[in-house]
1. Would you kindly work out, in nm and rounded to one decimal, the distances from the label point of B:Pro338 to those of the same position in each other copy, ordered shortest first, with label points 7 Å along Cα-to-Cβ?
2. Which one of A:Gly341, A:Gly232, A:Gly314 has the biggest mean-square fluctuation once chain A is modelled by GNM with Cα springs under 10 Å?
3. Whose amide H sits under 5 Å from the amide H of B:Thr180, counting only residues 5 or more places off or on another chain, with H placed in the peptide plane?
4. With Cβ to Cβ distances under 12 Å as the rule, what net charge do the other residues near B:Lys104 carry (K, R +1; D, E -1)?
5. Rounded to the nearest Å, what's the spacing between the alpha carbon centres of the range A:293-308 and the range B:1-38? Just the number, please.
6. Students often forget the sequence filter, so: which lysines lie under 29 Å Cα-Cα from B:Lys349 once same-chain residues fewer than 8 apart are removed?
7. Cross-link candidates for B:Lys102: which aspartates and glutamates have Cα within less than 16 Å, leaving aside residues fewer than 8 places away along the same chain?
8. Regarding the range A:1-144, what are the three Cα extents along the principal axes, ordered largest first, in Å?
Protein chains: 2
Amino acid sequence: MSQLFSYRYLFQFSKEVFLKIGCTEDDAFLATTVLLSADLRGIDSHGIARLGGYVRLWEAQRVNAKPDVKIIHQTPSTATVDGGSGLGLVVAPKAMQIAIDKAKAVGTGWVSVQNSNHFGIAGYHAMMALEHDMIGICMTNASPLVAPTFSVERLLGTNPICVAVPAGSQPAFVADLATTTAANGKLEILQRKNSEAPSGWIQDKEGKPSIDPHELKVGGALLPLGGDREHGSHKGYALGAVVDIFSAILSGANYGPWVPPFPAYVPMPTNMPGKGIGHFFGAMRIDAFRPAEEFKHHMDNWIERFRSAKTVEGFEKVIIPGDPEREMEAERKLGGIPLVGAVVDDLRKLAEKFEIEFRVNS
Amino acid sequence: MSQLFSYRYLFQFSKEVFLKIGCTEDDAFLATTVLLSADLRGIDSHGIARLGGYVRLWEAQRVNAKPDVKIIHQTPSTATVDGGSGLGLVVAPKAMQIAIDKAKAVGTGWVSVQNSNHFGIAGYHAMMALEHDMIGICMTNASPLVAPTFSVERLLGTNPICVAVPAGSQPAFVADLATTTAANGKLEILQRKNSEAPSGWIQDKEGKPSIDPHELKVGGALLPLGGDREHGSHKGYALGAVVDIFSAILSGANYGPWVPPFPAYVPMPTNMPGKGIGHFFGAMRIDAFRPAEEFKHHMDNWIERFRSAKTVEGFEKVIIPGDPEREMEAERKLGGIPLVGAVVDDLRKLAEKFEIEFRVNS
């Protein structure tokens, strides 16, 4: 049902599309690198499957292909950035770079971004910190699909948090998680298969528990991590709220139910209180706390102890956050990236629109 | 079954006990203020119920009543603090004050603490930032009671995270949450009542789901927020891990299964890789990102929108994080603090030990 493409081919194709909508050579390269990092890491919902969606946002004049990304307020350890309505794929790594530069100067750097768009996977941006021996932090708000505990209304996005921590001989620890029970991408997979969703993932339009993965199309909602009050959904809701506040109320972006929807055909909310969507980035220099080598020695010890813990029968090992994505990346970089039929069709349409050659199974 | 005490009386009693173990007048006042903030806010498991536990740690020479709390490493926006084996109730607010002072100077302040002990509720420390128009962040690691996803072993504590955000005419947003499905205090309540625990809270010593609240005494474990893999327990585990890393691997405290147990009678782990338990504090000046009045106007708007959302039938309103604790505090400050029999007995024993007068129903 899916077809295999090489990373190199998808890179060339995606970059060509970004050039066609008017990105500079550098920005097209950057946007493609960020976009495809999702496909490589197995987060298919956030990768090239969204390329057509970005183009439609550009057509709707909600994305500026040549944005003026600029600092509008700052202190030695902080900055507020206006993304100039650019692709989040371009705005986010530039903002994360500012956080890293500030951390170099004063130990840590924290950047809140307004007037941006969807930025791909949080993991890419947080992981930029690793090569500098820094801890990287990244979050973003998103279109409202999630109902807080006791709410029928959808007031929050899946609002992910990523924390990337360098280690020594062990690979880095990379926790990248939506603050919902399940990410929207997992629901989309169930929709395609017409399978039932587990309990605790979604509710219907009256707020009753549901296992129908199509519920979101008829007024239902995703649920915060925890699922219901008894299982801690108020905690998932609180975490999603913190992401919203750091990303948008600090920066001057839209928040809560006013976050612009990703699909270009969905009308924009009325009375929007800010500009675009918001992100938040952090970088902490390890040696602002203790020598980096000492820290990495203990991170290795932590990782080795957890990975070798006694497991529940039937499970091979305790997984360190970041393990599955790293293994997937190694596999797909060499072996290729599988795309489902609907995504291949979408790419074919993009090829026609922009008069780019498109080769299936490349 | 419980008896009512005035805040003023419990304050005087607790302060007297801290003086008896050798705290200075200032530290006894501070430790009591922090300890009783838990009782006021309705987090009974972390309040005066633990006073005897702190005394037993002092008797076991694991708590130094006159600690030398000092910065051992710093940059303009960070500090690493050695808590000198002091009461966490004293070390934590001092470390948070350092974070606040750094935020005044360079926009944000971040402090990782080693060589400390249990610090009461995270909420107290994070909320110190509010009066300075700062966002406060606080986390701590804790005795290993939690099994990561697929693990039989208990490798993490309930590792709470608190984020306190100032608002304008609305009360502050205060999210204070253990990274487990349910905090240990809730399990203790079920133990006292001999009631069953909901599914997803605990597992038995083989890692099978259990509803027996006494499971932890025979090798069972608390579960990370999410409960099981299908409901996102790998996310709760990742969040608990981040708390452990920020609190202990950055600072040089003990981490994972090596965190010292709270009960003084439990033997210390062998081969401990650090000193004491670890905490992490953050303070971000609002006006390091945008004018504080603007921010607070939008926080009010956020809070009002969420609180007035349409609710699921049977629920009155969507709760803003911090609402229940603030309402409890107003009630108990005037109406008194109820203590269960076991806690009253423990206080009576402390009174005898230190020859302090103890009056029931004061």
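1. For B:Pro338, the other copies' label points sit at 5.7 nm, shortest first.
2. Largest GNM mean-square fluctuation: A:Gly314.
3. Placed amide hydrogens put B:Leu225 under 5 Å from B:Thr180.
4. The answer is -1.
5. What the calculation gives is 39 Å, centre to centre.
6. Result set, ordered by chain and number: B:Lys15, B:Lys20, B:Lys66, B:Lys186, B:Lys193, B:Lys217, B:Lys333.
7. B:Glu131, B:Asp133, B:Asp287
8. Computed over the Cα atoms, the extents are 50, 33, 33 Å.
No value in this document is a laboratory result; all are computed from the given coordinates. The shown structure was predicted, so the numbers you read here are calculated from the model rather than taken from an experiment. Neighbour counts run over all protein chains shown; Cβ positions are idealised from the backbone, glycine included.
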